[in-house]
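Visitor: First the structure, then my questions, so here it is.
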Amino acid sequence: MPTSDNPPFPAALRLFSVVVIIVLIVGAGLFFAPVLVKPRWPWAVTPFNARFLGGFYTAEMVVMAALLVWNRWSPGRLVLVMAFIFTVIVSVASFINLGYFNFERKAPWLWFLVYLASVAVSGLFLWRARARPSAKGVTLNPAWRGYMPVESAILGLYGVGLLLFPLTFGSIWPWPIDAFHAQVYSAIFLAGAGGIYLVWRSAPREELLVLGLAQFLVGLLAVLGLVITDAAVHRIDWTATGTLCWLALFGWIGISGVFKLYAASRYFSSQSAS
């Protein structure tokens, strides 16, 4: 994509992305080395919550790495919008659930510092670039044009439900989640809904690829984390209606990501051929 249509990001934003990735590596440790990371987490997490959070932070780490690799307005616009939505919601959920944090430890202070800094940096950059049009995109076929707003609406509605009625909408989860975790998890769905809507409005190839990769990893690691954790603790009723609904939800997210990756690869292939 020409530089004039897709300009690079400032060096300061790249430096901030590196710092965020370093923080996300710690979060990813909840998936790959929960025994080491759980005692250092800002609040107490159960085995299932730890693995789920770790899987999401792993996906987020990969997406932030994409911003470093391309260092362009596309896919940076998508990454920053999703990051802004996620960090705002998690920050709000953390402030209204301060009882979960022991501020005699350093970890909670670092948690709020990192999240509030992320809100400020991503929000400031998006505000400054608010008049910039999206990079030149591809023309989505009618099937994608009809599917993506429905997908965005479903994820967005479920995210709002988790945020406003956490115990009700969190009741389908295979393991018990309290109101705080449900509200934190709402940020995942709302950020995904925002990203899908953004790409639906204008679909640069890089953003379609990054969105597909994010959805694939979120779906895959959520299900894989559930299987790995239950193999150790044997707490999940795999035939329960809630469990089947949860598996269907994250399976759908992951499969939808695969199809977006396939669509993006076709657009890249056609561009190379032309």
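The values are calculated or read from the model by the stated rules, or taken from the named source; none is laboratory data. Every value quoted in this text rests on a predicted model; they were computed, and no experiment measured them. Here the Cβ positions follow ideal geometry from the backbone for every residue, glycine too, while neighbour counts run over all protein chains shown. Heads up: the accessible areas ignore ligands, DNA and RNA and are worked out on the full protein's heavy atoms, side chains in. Shrake-Rupley method; radii C 1.70, N 1.55, O 1.52, S 1.80 Å.
Visitor: Failed condition for Glu207, given (1) of a type outside the set (Lys, Arg); (2) surrounded by fewer than 23 Cβ atoms within 10 Å (Cβ to Cβ); (3) out of contact with any strand residue (DSSP E or B) (no Cβ under 6 Å at 6 or more places or on another chain); (4) at pLDDT below 95, with all others met?
Guide: Among (1) of a type outside the set (Lys, Arg); (2) surrounded by fewer than 23 Cβ atoms within 10 Å (Cβ to Cβ); (3) out of contact with any strand residue (DSSP E or B) (no Cβ under 6 Å at 6 or more places or on another chain); (4) at pLDDT below 95, Glu207 violates only (2).
Visitor: Please go through (1) within 24 Å of Lys260 (Cβ to Cβ); (2) touching a Pro at 6+ places or on another chain (Cβ under 8 Å) for Ala193 and return the number of the only condition it doesn't satisfy.
Guide: Answer for Ala193: the failing condition is (2).
Visitor: So if I check each of Gly194, Gly225, Gly242, which one is within 11 Å of the chain's Cα centre (by Cα), touching a residue at least 12 places away in the same chain (Cβ under 8 Å) and either surrounded by fewer than 21 Cβ atoms within 10 Å (Cβ to Cβ) or in a helix (DSSP H, G or I) (or both)? Walk me through it before giving the result.
Guide: Numbers: Gly225 fails: within 11 Å of the chain's Cα centre (by Cα); Gly242 fails: within 11 Å of the chain's Cα centre (by Cα).
After applying the criteria, what remains is Gly194.
Visitor: Among the listed residues Ala263, Ala214, which satisfies the condition of being assigned to a helix (DSSP H, G or I), touching an Asp or Glu at 6+ places or on another chain (Cβ under 9 Å), within 30 Å of Asp5 (Cα to Cα) and not polar (S, T, N, Q)?
Guide: Ala214 is the lone residue from the list that is assigned to a helix (DSSP H, G or I), touching an Asp or Glu at 6+ places or on another chain (Cβ under 9 Å), within 30 Å of Asp5 (Cα to Cα) and not polar (S, T, N, Q).
Visitor: Check region 183-191 and report whether any residue there is aromatic (Phe, Trp, Tyr) and surrounded by fewer than 20 Cβ atoms within 10 Å (Cβ to Cβ). Spell out how you get there, then give the answer.
Guide: Filtering region 183-191 for residues aromatic (Phe, Trp, Tyr) gives 185, 189.
Adding the requirement that they be surrounded by fewer than 20 Cβ atoms within 10 Å (Cβ to Cβ) leaves none.
No, there is no match, as no residue in region 183-191 is aromatic (Phe, Trp, Tyr) and surrounded by fewer than 20 Cβ atoms within 10 Å (Cβ to Cβ).
Visitor: Could you say whether any residue in region 23-46 is polar (S, T, N, Q) and in contact with a Leu (Cβ under 6 Å, 6 or more places away or on another chain)?
Guide: no
Visitor: Continuing with the same structure: Inspect all residues belonging to region 54-77 and state whether any of them is of a type in the set (Ser, Thr, Tyr), open to solvent by 40 Å² or more (accessible area, probe 1.4 Å) and under 30 Å from Arg235 (Cβ atoms).
Guide: No, region 54-77 has no match at all.
Visitor: Please work out which residue is farthest from Val258 (Cα to Cα), limiting yourself to region 228-239 and to residues that are out of contact with any helix residue (DSSP H, G or I) (no Cβ under 9 Å at 6 or more places or on another chain) and part of a loop (DSSP other than H, G, I, E, B).
Guide: His234
Visitor: Just wondering, is there one or more residues in region 258-265 that are at pLDDT 95 or above, crowded, with 17+ Cβ neighbours inside 10 Å and β-branched (Val, Ile, Thr)?
Guide: Within region 258-265, not a single residue is at pLDDT 95 or above, crowded, with 17+ Cβ neighbours inside 10 Å and β-branched (Val, Ile, Thr).
Visitor: If a residue counts only when it is open to solvent by 90 Å² or more (accessible area, probe 1.4 Å) and among the aliphatic types (A, V, I, L, M), which helices (runs of 4 or more DSSP H) contained entirely in region 89-170 have at least 2 such residues?
Guide: Once the helices (runs of 4 or more DSSP H) in region 89-170 are filtered for at least 2 residues that are open to solvent by 90 Å² or more (accessible area, probe 1.4 Å) and among the aliphatic types (A, V, I, L, M), what remains is 106-128, 142-164.
Visitor: Please go through region 28-44 and pick out each residue that is in contact (Cβ under 8 Å) with a residue 40 or more places away in the chain and open to solvent by less than 40 Å² (accessible area, probe 1.4 Å). Outline the logic, then answer.
Guide: Quick first cut of region 28-44, residues in contact (Cβ under 8 Å) with a residue 40 or more places away in the chain only: 31, 40-44.
If the condition is that a residue be in contact (Cβ under 8 Å) with a residue 40 or more places away in the chain and open to solvent by less than 40 Å² (accessible area, probe 1.4 Å), then Phe31, Trp41, Pro42, Trp43 are the ones that fit.
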